[in-house]
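Data block below; observations after.
The values are calculated or read from the model by the stated rules, or taken from the named source; none is laboratory data. All values reported here derive from a predicted model rather than from experimental measurement. No Cβ is skipped: glycine too gets one built from the backbone with ideal geometry, and neighbour counts run over all protein chains shown. Areas reflect the complete protein model, heavy atoms only, side chains present, ligands, DNA and RNA absent. Shrake-Rupley method; radii C 1.70, N 1.55, O 1.52, S 1.80 Å.
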Amino acid sequence: MQKKHISPLSLAACAALLAAAPAAQAQSSVTLFTLVDLNVSHYSAGARSGGGSVTSMNDGTTNGLNGSRWGIRTVEDLGGGLKAGVLLENGFNADNGTFGQGGRAFGRQGFVWLSSASVGELRLGRQYILEDSVMGLSNPFTNALTLNPGTGVTNAGKALPLWLNAPRADNVLQVQTVNYSGFQAAAQVAPGEGTADRFYGIKLSYAQGPFNSALSYEWNRSRTTGDNVNKSLTVAANYNFGVVKVLGGVQRNRDLATTSVNGAFTGNNLTVTGTNTFAMDQSDGSTIGVEVPVGSFVLLGANYTRVKYANAAGQNDTLGKVAVGARYALSKNTFLYASASQATGGLKDFISQKSVTQIGVRTAF
């Protein structure tokens, strides 16, 4: 075999690259972060739910401010307004030390991104669906505590959603524009790869001063029939008057199906068990609430959420909840919190979470 010779010119080039490496690294950053959130909650079951009252310690993924996690975030400045980065976020259950999101290594998020200051951003990987951020505008504490419209319930032993909220999807390609005078747009697509339905989503938002608003529309393309299913429209807005923030939103879901695997309806059940039991294929939800700061450390919130489940045959039933909560800041990273909710509507006696009270602590570093 003939030996390859390295020319002095190649050696000089390598030396130049090595000499330039510290300068390139100076334009990059790597951040390791951790958040732990735990609460103790008491659940009083409805008399016809088939369940009993229970007190449990939960990770923040259940009625907390945030789910516990650790992660790595990188940002590299490529020059000319271009940046690249990675976000890897592992979710874990701090109450028992197990992995969250079905045991995934980076189940919360895992994606690479490339952004342009003049055009927008591209992301590829597992990430939040667009509806999650839209729903976050509609309720106090941003999808947290017992006030979260996206918290499901146990109806006769089966999972039933209030507002539809996945909140993540696999294999997502997302594009997002820069902010144009308060307006911004985003779109997502995730190929089914033969084992799941294709997932699509779009989002439009407008924010100016104390006003924030957004809408999302998401759906799956069935891999077996080619039909569009799990069609979900969410609209939300809030206005901050200073002494109080008013929040609200609506959600409309049609052609619900449980077989899509990836996207909006993942992990839920279509059977509604109440005075009458029926299979639903649509739901309509609404929520309204207020958020009130008290001094620099206390934030209070209250809201009411309602959903109507129905099908084409005209069968329907309702479920709602009234909730209040409070958050106290011990520092910029550590909070104490408490909340309580009470179920309303025709299904209130058929769920295991008819009333919920909880207290918790969340810290990050």
Next on the checklist: Tell me the Rg and the Dmax, in Å, that the Cα atoms of the range 320-365 produce.
Outcome noted: 14.1, 44
Item to check | Dimensions in Å of the chain - Rg and Dmax from alpha carbons | outcome: 23.3, 85
Checklist entry - Put S296, S232, S286, S213 in order of accessible area, largest first, 1.4 Å probe: what do you get? => result S296, S286, S213, S232
Checklist entry - Using a basic spin-label model with each label point 7 Å from the Cα along Cα→Cβ, how many nm lie between T224 and V30? => result 4.6
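Per residue, how many Å² of accessible area does the chain show with a 1.4 Å probe? Could the numbers behind the result be given before it?
Details: 17690 Å² over 365 residues.
That works out to 48 Å² for each residue.
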Checklist outcome for this item: Given the candidates N179, A94, L247, the one whose Cα lies deepest towards the positive end of the charge dipole of the chain, counting +1 at each Lys or Arg C-beta and -1 at each Asp or Glu C-beta, is A94
Item to check | Accessible heavy-atom area order of Y328, Y217, Y43, Y180, highest first, probe of 1.4 Å | outcome: Y180, Y328, Y217, Y43
Checklist entry - Taking the Cα atoms only, what angle lies between the long axis of helix 8-25 and the longest principal axis of the chain, rounded to 10 degrees? => result 40
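How big is the convex hull of the Cα atoms of the range 52-139, per residue, in Å³? Write down the numbers at each step before the final one.
Working: hull volume 11.7 nm³, N = 88.
Looking at the range 52-139, the number lands at 133 Å³ per residue.
Let me check something: with ligands and nucleic acids excluded, how do E76, E131, E121 order by accessible area (1.4 Å probe), largest to smallest?
Details: E76 80, E131 0, E121 45 Å².
The most accessible residue leads, giving E76, E121, E131.
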Checklist outcome for this item: Set K245/K308; K245/K354; K308/K332; K83/K245, cut-off 31 Å on Cα-Cα distance; pairs above it are K308/K332; K83/K245
Checklist entry - In deg cm²/dmol and to the nearest 500, what is the mean residue ellipticity at 222 nm of the chain if only DSSP H runs of at least 4 residues count, each as -39500 (n - 2.57), divided by the residue total? => result -2000 deg cm²/dmol
Checklist entry - Counting only the heavy atoms of the protein chains, how much of V292 is accessible to a 1.4 Å probe, in Å² to the nearest 10? => result 50
Checklist entry - Using every alpha carbon pair in the range 235-365, what percent of pairs falls into each 10 Å bin from 0 up to the bin containing the largest distance? => result 11, 30, 32, 20, 6, 0
Checklist outcome for this item: With 0.36 nm assigned to each residue of separation and the Cα-Cα distance removed, T334 to F99 gains 82.3 nm
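Relative to the Cα centre, what is the charge dipole magnitude of the range 29-364, using +1 at the beta carbon of each Lys and Arg, -1 at the beta carbon of each Asp and Glu, and rounding to the nearest 20 debye? Show your work: numbers first, answer last.
Working: 26 positive and 20 negative charges, 59 e Å.
Taking the Cα centre of the range 29-364 as origin, the dipole is about 280 debye.
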